[in-house]
Structures are given as structure tokens and as C-alpha cells.
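Heads up, the thing below is written out as C-alpha cells.
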Amino acid sequence: SEVYFTRCEAGKREKKGCVIMYSTRSGDEWSKPQNIEILPDSLVAAHPALSADGLTLYFVSEMPGGSGQKDIYSTTRGGDNTSWSEPRNLGPDINTPGNELFPFVREDGTLYFASDGRIGMGGLDIFKAVPQPDGSWVVTNMKSPINGPADDFGISFEKENERGMFSSTRK
């Protein structure tokens with residue numbers, strides 16, 4: 001009933017940045033996409049991933065004060081169902097001095113993402129992060145056959161199944 005996506009706009013001589021948009025469905029019709037406005041216009045927000053309960057949105061940004069290049073952040077939906085909290089950096093368990101990209105969250109709260117800032121098998125590798133009761137994360141490399149010498153990223157799963165898809169630059 002709702003979709004979140006990244007929209008990047010560019011003029012002929014300028015990049016205007018990327019924002020996270022959403023649209024809701026009523027019957028067979030989708031509403032006009034709206035910017036969720038979680039960051040000022042001058043900052044990039046991309047790669048949205050919504051939790052199963054619809055209350056937490058994970059996304060990627062290069063906000064000042066992060067751990068490195070692109071970091072993963074989260075924001076929670078307000079009681080009015082349209083506003084979002086101040087974004088929170090997921091911290092050093094997840095983010096590195098490199099790039100963390102393409103988050104995907106499963107129903108149990110397990111977060112999957114790609115990173116080029118951790119020891120891996122290629123440029124971008126897919127990692128699995130399991131949340132702990134104390135708020136920390138246990139992060140593991142998905143290894144072969146998911147990761148290989150090419151860039152591997154953008155994993156998603158079928159609901160409640162250990163089956164899904166991911167993107168790769170493999171030949």
C-alpha cells in the first residue's frame with residue numbers, strides 16, 4: 001500500500017542531489033510521489049528500506065559527522081504516520097570509513113547491506129547484521145556463493161523464505 005524510492009534530479013550543468021520519495025496506493029491508483037523530507041535539500045538521502053512493521057526506515061547518506069563516506073541511518077515514523085524522527089547513524093558496528101549501501105531489513109530485524117569498507121572478497125560485499133538486545137549489531141560477511149571478486153550488492157529476500165535476489169557486476 002506504500003512504496004519508498006530514491007529520486008535524483010540533475011540539471012544540464014548541475015546535480016541537485018537525491019531524496020527519498022513515497023507514494024501510497026488506493027485501489028489501483030498511486031498517489032503523486034512526495035518527498036519525505038528527512039534531510040535538508042543540500043544533503044543526499046538514498047536507498048530506502050522499510051522495516052516489516054512500517055515504523056523504521058533505513059537509508060544511506062553522506063551527512064556530516066558520519067563514520068566515513070556513505071553511512072546507513074535510521075529514522076522512525078511519528079504518531080501522525082507522516083513525520084519521521086531525526087535520523088540516527090547506525091554507528092561503528094555497521095558503518096566504516098568506506099561506503100555502506102543498499103540496506104535491506106528482514107521481518108526479524110536482521111539488516112543486510114553492501115560495504116566496500118570491510119575486509120571482503122571483492123569491492124562491494126554483502127554483509128548480514130543481526131541486532132543484539134543491547135543495541136549493538138553482530139556483522140558477518142555473507143561469503144561465497146553470495147560474494148565473489150566482483151561487486152555484490154542490493155540483496156532482497158522473499159517473505160519468510162531463505163531465497164531471494166541480489167545484484168552483482170559478475171560476468
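It is to be established whether one or more residues within the stretch 100-110 are surrounded by 12 or more Cβ atoms within 10 Å (Cβ to Cβ) and of a type in the set (S, T, N, Q). Talk me through it step by step, then tell me what you get.
Taking the stretch 100-110 and keeping what is surrounded by 12 or more Cβ atoms within 10 Å (Cβ to Cβ), we get 100-106, 109-110.
Right, trim to of a type in the set (S, T, N, Q) and you get 110.
The answer is yes, given that some residue of the stretch 100-110 is surrounded by 12 or more Cβ atoms within 10 Å (Cβ to Cβ) and of a type in the set (S, T, N, Q).
Considering only residues of the stretch 139-171 that are without any contact (Cβ under 8 Å) to a residue 12 or more places away in the chain and within 18 Å of the chain's Cα centre (by Cα), which is surrounded by the most Cβ atoms within 10 Å (Cβ to Cβ)?
The extreme case among them is 164.
Of everything in the stretch 126-137, what is free of Cβ contacts under 8 Å to residues at least 40 places away in the same chain, within 18 Å of residue 105 (Cβ to Cβ) and either exposed (fewer than 15 other Cβ atoms within 10 Å of the Cβ) or not small (Gly, Ala, Ser) (or both)? Give them in sequence order.
Kept after step one, since they are free of Cβ contacts under 8 Å to residues at least 40 places away in the same chain, are these residues of the stretch 126-137: 127-135.
Now restrict to residues that are within 18 Å of residue 105 (Cβ to Cβ): 127-133, 135.
Matches in the stretch 126-137: 127, 128, 130, 131, 132, 133, 135.
Name every residue in the stretch 112-141 that is more than 21 Å from residue 97 (Cβ to Cβ) and not acidic (Asp, Glu), in order of residue number. Walk me through how you get there before you give the answer.
Narrowing the stretch 112-141 to residues more than 21 Å from residue 97 (Cβ to Cβ): 130-135.
Passing the criteria: 130, 131, 132, 133, 135.
From 41, 28, 80, 71, which residue is charged (D, E, K, R) and surrounded by 13 or more Cβ atoms within 10 Å (Cβ to Cβ)?
Details: 41 fails: surrounded by 13 or more Cβ atoms within 10 Å (Cβ to Cβ); 28 fails: surrounded by 13 or more Cβ atoms within 10 Å (Cβ to Cβ); 80 fails: surrounded by 13 or more Cβ atoms within 10 Å (Cβ to Cβ).
So the residue among 41, 28, 80, 71 that is charged (D, E, K, R) and surrounded by 13 or more Cβ atoms within 10 Å (Cβ to Cβ) is 71.
If you take the residues of the stretch 44-54 that are more than 19 Å from residue 127 (Cα to Cα) and surrounded by 14 or more Cβ atoms within 10 Å (Cβ to Cβ), which of them is farthest from the chain's Cα centre (by Cα)? Working first, answer last.
Step one: list which residues in the stretch 44-54 are more than 19 Å from residue 127 (Cα to Cα), which gives 44-45, 52-54.
Filter once more, so that each one left must be surrounded by 14 or more Cβ atoms within 10 Å (Cβ to Cβ): 44-45.
Numbers: 44: 13, 45: 9 Å.
Per the criteria, the residue is 44.
Which one is modelled with the lowest pLDDT, of the residues in the stretch 6-21 that are closer than 20 Å to residue 75 by Cα and open to solvent by less than 60 Å² (accessible area, probe 1.4 Å)?
If we take residues in the stretch 6-21 being closer than 20 Å to residue 75 by Cα and open to solvent by less than 60 Å² (accessible area, probe 1.4 Å), then 17 is modelled with the lowest pLDDT.
Based on what the data block shows, is residue 20 within 18 Å of residue 101 (Cβ to Cβ) and touching a residue at least 40 places away in the same chain (Cβ under 8 Å)? Step through it out loud before you land on a result.
Numbers: within 18 Å of residue 101 (Cβ to Cβ): yes; touching a residue at least 40 places away in the same chain (Cβ under 8 Å): no.
No, not satisfied.
The values are calculated or read from the model by the stated rules, or taken from the named source; none is laboratory data. All values derive from a computational prediction rather than experimental measurement. Neighbour counts are summed over all protein chains in view; Cβ atoms, including those assigned to glycine, are modelled from backbone coordinates with ideal geometry. Heads up: the accessible areas ignore ligands, DNA and RNA and are worked out on the full protein's heavy atoms, side chains in. Shrake-Rupley method; radii C 1.70, N 1.55, O 1.52, S 1.80 Å.
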